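**Student:** My questions will all concern the structure given below.
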Amino acid sequence: PLLVCCLTNVSFLSLILKANQDIYEHINKLGEKLQNGIEEIAREKNVKLTVNRVGGMMTVFFTDRNPVRSYDDAKSCDLEMFKKYFLHMNKNGFNIPQSQFESMFLSAVHTEEHIDKFLEIFKRFQP
């Protein structure tokens, strides 16, 4: 009975780990799409920005420093540009962090449609 119980637990844990791996792959894929889209739109608009990202956690820094690694790098950000970006995204239904120095987070419930909509709204941003 103990062996069966242990094997059942190992099987259950394997299922949980597999399910979480799929979730993290999904979040990372969305994060990559969002980062690439933001950077491409910024290039088209000649907006200096850097996206620091790990998986589904990212920050858009309005600076030409790439990547932003230090307090001095972060201080180089254009806070007025971030304010305009924040107000534009918020007005159009995206509740992004209200500070240049906070991160956005993607989750398992986000979809490619959410990313596409974000990028569509970001593309309409007028610096």
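The values are calculated or read from the model by the stated rules, or taken from the named source; none is laboratory data. Source: prediction; values computed, not measured. With ideal geometry, Cβ positions are generated from the backbone for all residues, glycine too; neighbour counts draw on all protein chains shown. In case anyone asks, the SASA skips ligands and DNA or RNA and just uses the protein heavy atoms, side chains included. Shrake-Rupley method; radii C 1.70, N 1.55, O 1.52, S 1.80 Å.
**Student:** Using Cα positions and a limit of under 26 Å, work out the lysines in reach of residue 33, with same-chain residues fewer than 8 apart set aside.
**Tutor:** The reachable lysines, counting only those whose Cα sits under 26 Å from residue 33, are 18, 45, 48, 83, 84, 91, 117, 123.
**Student:** While we're on this one: Mind grabbing the accessible area of residue 54 for me, 1.4 Å probe, Å², rounded to tens?
**Tutor:** Accessible surface of residue 54 is approximately 100 Å².
**Student:** May I ask for the angle, rounded to the nearest 10°, between helix 112-123 and the longest principal axis of the chain, with both axes built from Cα atoms and the value confined to 0 to 90°?
**Tutor:** It works out to around 10 degrees.
**Student:** Another question about this same structure. Would you calculate the separation in nanometres between label points at residue 101 and residue 74, each defined as 7 Å from the Cα along the Cα-to-beta-carbon direction?
**Tutor:** Simple spin-label model gives 0.5 nm for this pair.
**Student:** Just from its helices, what would the mean residue ellipticity at 222 nm be for the chain, if runs of 4 or more DSSP H residues each count -39500 (n - 2.57) and the sum is divided by every residue, rounded to the nearest 500 deg cm²/dmol?
**Tutor:** It lands at -20000 deg cm²/dmol.
**Student:** For the charge dipole of the chain, defined by +1 on Lys and Arg C-beta atoms and -1 on Asp and Glu C-beta atoms about the Cα centroid, which residue among 58, 34, 122 has the Cα displaced farthest towards the positive pole?
**Tutor:** Toward the positive end, the furthest listed residue is 122.
**Student:** Residue by residue, what Karplus-based ³J(HN,Hα) values in Hz, rounded to whole numbers, does the range 49-59 have, using 6.51, -1.76 and 1.60 with θ = phi - 60° and x for Gly and Pro?
**Tutor:** Along the range 49-59, the couplings run 8, 10, 10, 8, 9, 9, x, x, 10, 8, 10 Hz.
**Student:** Per residue, how large is the accessible surface of the range 15-127? Use a 1.4 angstrom probe and give square angstrom.
**Tutor:** Here the per-residue accessible area is 63 Å².
**Student:** Please state the shape class of the range 49-127: rounded when a/c is under 1.5, otherwise prolate if a/b exceeds b/c and oblate if not, all from the C-alpha gyration tensor.
**Tutor:** Oblate shape, in that a/c is at least 1.5 and b/c is the bigger or equal ratio.
**Student:** Which residues does the label zone of residue 24 cover in the range 47-68, counting backbone N under 17 Å from a point 7 Å along Cα→Cβ?
**Tutor:** From the range 47-68, the list is 53-58.
**Student:** State the percentage of accessible surface on the chain attributable to carbon and sulfur atoms; use a 1.4 Å probe and exclude ligands, DNA and RNA. Please list the in-between numbers first.
**Tutor:** Values: 4750 of 8450 Å².
Carbon with sulfur: 56 percent of the solvent-accessible area.
**Student:** What's the extension gain from residue 94 to residue 119 if we count 0.36 nm per residue and subtract their Cα-Cα distance? Show your work: numbers first, answer last.
**Tutor:** Values: separation 25, 0.36 × 25 = 9.00 nm, distance 1.08 nm.
So the chain would gain 7.9 nm between residue 94 and residue 119.
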